[in-house]
Amino acid sequence: MKPVNTKVFGRHIAHAGLAFSMLVGAAQASTTLTIATVNNGDMVRMQELSAEFTRQHPDIELNWVVLEENALRQRVTTDIATRGGQFDVMTIGVYEVPIWAKREWLLPFDNLAASYEVEDLLDPVREGLSHNGELYALPFYAESSMTFYRKDLFEAAGLQMPETPTWSQITEFAGKLHDPGNGMSGICLRGKAGWGENMAVIGTVVNSYGGRWFDMDWEPQLDSDAWYNAVDMYVNLLGNYGPSGASSNGFTENLALFNSGRCAMWVDATVAAGFVTDPAESEVADHVGFARAPHGVTRKGSNWLWIWALAVPKSTENPEEAQAFVEWATSNKYTELVAEHRGWLGAPPGTRKSLYANENYLSAAPFALDVLSAIETASPQDPTVDPVPYVGVQLVSIPEFQAIGTRVGQNLSAAIAGQASVEDALDDSQRAARRQMQMSGYYD
Amino acid sequence: MDGALESGTGAAPRASWFSQNREKLTGVAAVSPAVLLLFIWMAVPLGMTLYFSFQRYLLLNPDRTGFVGFGNYANFFGDPNFYAALFNTLTLVGSVLAITVIGGILLALLLNQPFWGRNVARILVISPFFVMPAVAALVWKNLLMNPVSGLFAWVAQLFGVQSVDWFGQWPMVSIIIIVSWTWLPFATLILLTSLQSLDEEQKEAAEMDGAGAISYFFFIVLPHLARAITVVVLIETIFLLNVFAEILVTTNGGPGSATTNLTFLVYAEALLQFNVGGASAGGVVAVILANIVAFFLIRMIGRNLD
């Protein structure tokens, strides 16, 4: 056997080791961004089109974490609060941004390129994501609420839907169009318990009846006349002219009801406009009319604002790359990319003025201008008649709101189901809200 | 030499104890890494939960921290929905246990008889257990129980009867139906296997003695099934105390607090606002409750486990 020449052997090992380490070193020159996002259609599309971004930035790798909304909120909130550093880009809502910006957990977007055209952002959207005048997240898409109604039924009954109806008018129309014998409900509204379910709609009703969640001393106002009038109207409207089982209907159930032609009217998110006018999904696609969300004594706060935005936590190790990605994904160029691949109807709605001046988009989405006017009239920093210490139209941007909102939502869904009186439901809600605020130290 | 006592040196008796117990010690030494790992796996999270339950720890409000003694527990017990949640938890567990055990026995008896298509029937009966709880809940809520477009509503309409608003008027009953549907296959499977180990000879002997089908069932079959029933009850209790997905997806705690169980209460009051201290206290209370329930269950039927 040939003896091994240790000197030559050692040199071979050294060369191999050097070559290997160079390979490994080259691979480590790129940065990896971990992006947490929600499993909506628009977000999944962003993931599909992100190849364009990696083409423009070959040294950045993208790692996607796509989750359902509740799971996403849990994961990103836990990560950012414990400074876990797991994520470089987070998809968050207009609920989280004010809370986290105040805690200084997010990086501000104070260095945007001129090509980003930040002035093109719709004012309420820019307001909703700003804290002390600085943007802490960039909007991916935004929505408000509006009224959908059946033009054919209105015509047949000789009714005319005004552009900005009041809740009394809506009640009148619902009474005339309610026909349970033929499976037609006068109106469909959310009843399912939850801070983002029934309380989103009821929150706007309360605002437009002159009410508010908290006064300037953070005392809950659920025992006020405005709350009683608003909730009483809502419960009676839904009970008299709503579908059976309304107390457990959320957005999805009402969309199914409207699409199968069982609702004469529906007040809900503007994103539904795309679904109810899509002949592939809706049986009544050609008969849908749009109007502003109904109001009570004031139009202030009568339609909500929800924004899905991308933000960069302070704990990230790649702040510049992360912000570059967020800028790309919320830019006009990205919208054009979507239009190229999926047509203009797929463009993420509600964030930029230029989209609503674009003829291609307006012809693809006939409801676009109604959606625009809804978003433009939302005012998250000034949602109510009386002054309030919080921001948010249909929500209150404090950490305690999810629990309080869900608890109140549960009580009100009991009222909608006829299991509790409006007064009892509101009394219990008032006590529960005050208890939560007390435990969180707002009155110390 | 070997075994002989040496005066003065303390080493010799110890050495002989070790060698005398060598087998036992080898066994302990072999098992100890696994046992130690399991113990750490259990003790560390439990210990951390106990520790956090005595702290004020709000993830979103890091300024307010500190030891609060039993403050979190007082808040949890003082929640107006606490007793409702406790009652709902026990109702849910008790009802589902009753339905699945009784239904499981009947189904097992049925599936034990020879009939055409028995294998297909067995597979169909077992399948609901593999459907994810959230999916099962959605199917029941939207396809079956929906008072406008559900199957039950359609049947009611055929008979000219008003359809039932399941989740509005009977929320707890609806949840019990969904959970029982999911767990019935599990009980059936275990009881069927136990039934199949029953001797045919005993049946013939009983017939010769003039015993009818009913007496045969109560005096021979049921005692034979006792051990399997115990297993079913104990395992199901562990899981039923934690029912969550079905409630979240259908009623979100129900009209008022009608379908809020302890797990959901911890979620709605503490987890939703990232109150780690409060959630830990709720978790500890749930553990204590589970232990109490287990204690009573074992007293009642545990004698059947040898």
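The values are calculated or read from the model by the stated rules, or taken from the named source; none is laboratory data. All values reported here derive from a predicted model rather than from experimental measurement. Glycine gets a Cβ as well: all are built from the backbone with ideal geometry, and neighbour counts include every protein chain shown. Accessible surface areas use protein heavy atoms only, side chains included; no ligands, DNA or RNA. Shrake-Rupley method; radii C 1.70, N 1.55, O 1.52, S 1.80 Å.
Remark: the protein assembly as shown carries 47 Å² of accessible area per residue (probe radius 1.4 Å; ligands, DNA and RNA excluded). Among the trypsin sites (Lys or Arg not before Pro) found in the stretch A:50-98, those both in a DSSP coil and sparsely packed, with 13 or fewer other Cβ atoms within 10 Å of their Cβ, are A:ARG83. Among the GluC sites (Glu not before Pro) in the stretch A:158-262, those placed in a DSSP loop whose Cβ has at most 10 other Cβ atoms within 10 Å are A:GLU163.
Give me the percent of DSSP beta bridges within the protein assembly as shown that run antiparallel, rounded to the nearest 5. Rounded to the nearest five, the antiparallel share is 70 percent.
Taking all protein chains as shown and a probe of 1.4 angstrom, A:ASP42 keeps an accessible surface of around 40 Å². Could you give me D for the stretch B:89-140, from Stokes-Einstein at 20 °C and 1.002 mPa s, where the hydrodynamic radius is the Kirkwood radius over C-alpha pairs? Units µm² s⁻¹, please. It diffuses with D of about 167 µm²/s by this estimate. 3J(HN,Hα) couplings calculated from phi for the stretch A:199-211 with the Karplus curve 6.51 cos²θ - 1.76 cosθ + 1.60 (θ = phi - 60°) are, in sequence order, 5, 5, 5, 4, x, 5, 5, 4, 4, 7, 9, x, x Hz; Gly and Pro show x. For the pair A:ASP223 and A:LYS176, a Förster radius of 51 Å applied to the C-beta separation gives a FRET efficiency near 0.90, rounded to the nearest 0.05. As a ratio to 2.2 N^0.38 Å, the alpha-carbon radius of gyration for the stretch A:248-287 is 1.02. The Cα trace of the stretch B:108-232 gives Rg and Dmax of 19.3, 56 Å, the first to one decimal, the second as a whole number.
Evaluated on the stretch B:231-282, the Kirkwood hydrodynamic radius is 11.8 Å, with distances taken between all distinct Cα atoms. Over the stretch B:171-225, the pair-distance histogram of Cα-Cα distances with 10 Å bins from zero comes to 21, 35, 23, 16, 5, 0 percent, rounded to whole numbers.
What is the Å³ per residue value for the convex hull set by the Cα atoms of the stretch A:250-363?
Enclosed volume per residue, from the Cα hull, is 171 Å³.
Summary value for the stretch B:213-289: 16 percent relative contact order, contacts being C-alpha pairs under 8 angstrom separated by 6+ residues.
Which of the three applies to the stretch B:154-304, rounded, prolate or oblate, going by the alpha-carbon gyration tensor with a ≥ b ≥ c and a/c under 1.5 meaning rounded? Judged from the Cα gyration tensor, the stretch B:154-304 comes out oblate (a/c at least 1.5, b/c at or above a/b). Binning the alpha carbon pair distances of the stretch A:320-395 at 5 angstrom intervals from zero yields the distribution 3, 14, 20, 16, 14, 15, 12, 5, 2, 0, expressed in whole percent.
Just the number, please: buried accessible area between B and A, total of both chains, 1.4 angstrom probe, nearest 100 square angstrom.
3300
Model label points for B:LEU198 and B:MET42, set 7 angstrom from Cα along the Cα-to-Cβ axis, are 3.5 nm apart. Computed over the stretch B:60-105, the convex hull of the alpha-carbon atoms projects to a mean area of 5.4 nm². A cut-off of 5 Å between modelled amide H atoms, ignoring neighbours fewer than 5 places along the same chain, links B:GLN55 with B:VAL68. Any idea what % of Cα-Cα pairs in the stretch A:222-264 are farther than 16 Å? Everything past 16 Å amounts to 46 percent. I want to verify the translational diffusion coefficient of the stretch A:380-444 in µm²/s; compute it with Stokes-Einstein, Rh as the Kirkwood radius over Cα pairs, at 20 °C and 1.002 mPa s. It diffuses with D of about 166 µm²/s by this estimate. Over chain A, the reciprocal of the mean inverse Cα-Cα separation, the Kirkwood hydrodynamic radius, stands at 23.6 Å. The label-point distance for A:LEU49 and B:ARG299, in a model that sets each label 7 Å from Cα toward Cβ, rounds to 6.6 nm. Shape class of the stretch B:256-306 from the alpha-carbon gyration tensor: prolate, with a/c at 1.5 or above and a/b greater than b/c. Sequence-distant contacts, meaning Cα pairs under 8 Å at least 6 residues apart, place the relative contact order of chain A at 24 percent. Projected onto planes of every orientation and averaged, the convex hull of the alpha-carbon atoms in the protein assembly as shown covers 53.4 nm². Principal semi-axes of the equivalent ellipsoid, √(5λ) from the alpha carbon gyration tensor of chain B, are 44, 37, 16 Å from largest down.
Along the axis of the charge dipole computed for the stretch A:282-401 (Cβ charges of +1 for Lys and Arg, -1 for Asp and Glu, origin at the Cα centre), the listed residues A:LEU355, A:HIS287, A:ILE398 are led at the positive end by A:HIS287. Using the Cβ of A:GLY301 as centre and a radius below 10 Å, the other residues enclosed give a net charge of +2, where K and R count +1 and D and E count -1. Here the stretch A:123-268 is treated as a Stokes sphere of Kirkwood radius computed over C-alpha pairs; at 37 °C and 0.692 mPa s its diffusion coefficient rounds to 195 µm²/s. Database remark: amide H of A:LEU33 closer than 5 angstrom to the amide H of A:GLU61, A:LEU62, A:ASN63 (H placed geometrically; neighbours at sequence offset of 5 or more, or on other chains; Pro and chain starts carry no H).
Once C-alpha pairs closer than 8 Å and six or more residues apart are averaged by separation and normalised to the residue number of chain B, the relative contact order reads 28 percent. For the stretch A:300-444, the ratio of Cα radius of gyration to the globular rule of thumb 2.2 N^0.38 Å stands at 1.41. The alpha-carbon atoms of the stretch B:46-148 define a convex hull whose volume equals 216 cubic angstrom per residue. Please list, in chain and number order, the residues 5+ apart from A:ASP268 or on another chain whose amide H is under 5 Å from its amide H, with Hs placed from the backbone. It is A:MET146, A:PHE148, by chain and number.
Based on the alpha-carbon gyration tensor of the stretch A:130-177 and its eigenvalue square roots a ≥ b ≥ c, which shape applies: rounded if a/c is under 1.5, prolate if not and a/b is larger than b/c, or oblate? In terms of gyration-tensor shape, prolate. Under the simplified labelling scheme, the A:ASP444-A:GLU69 pair shows an inter-label distance of 3.3 nm, with each label point 7 Å from Cα along Cα→Cβ. Within chain B, the longest run free of chymotrypsin sites (Phe, Trp or Tyr not before Pro) that sit in a DSSP loop with at most 13 other Cβ atoms within 10 Å is B:160-306. Under a Gaussian network description of chain A, with springs only between Cα atoms under 10 Å, the residue in A:ILE416, A:ILE398, A:ILE202 that fluctuates furthest is A:ILE398.
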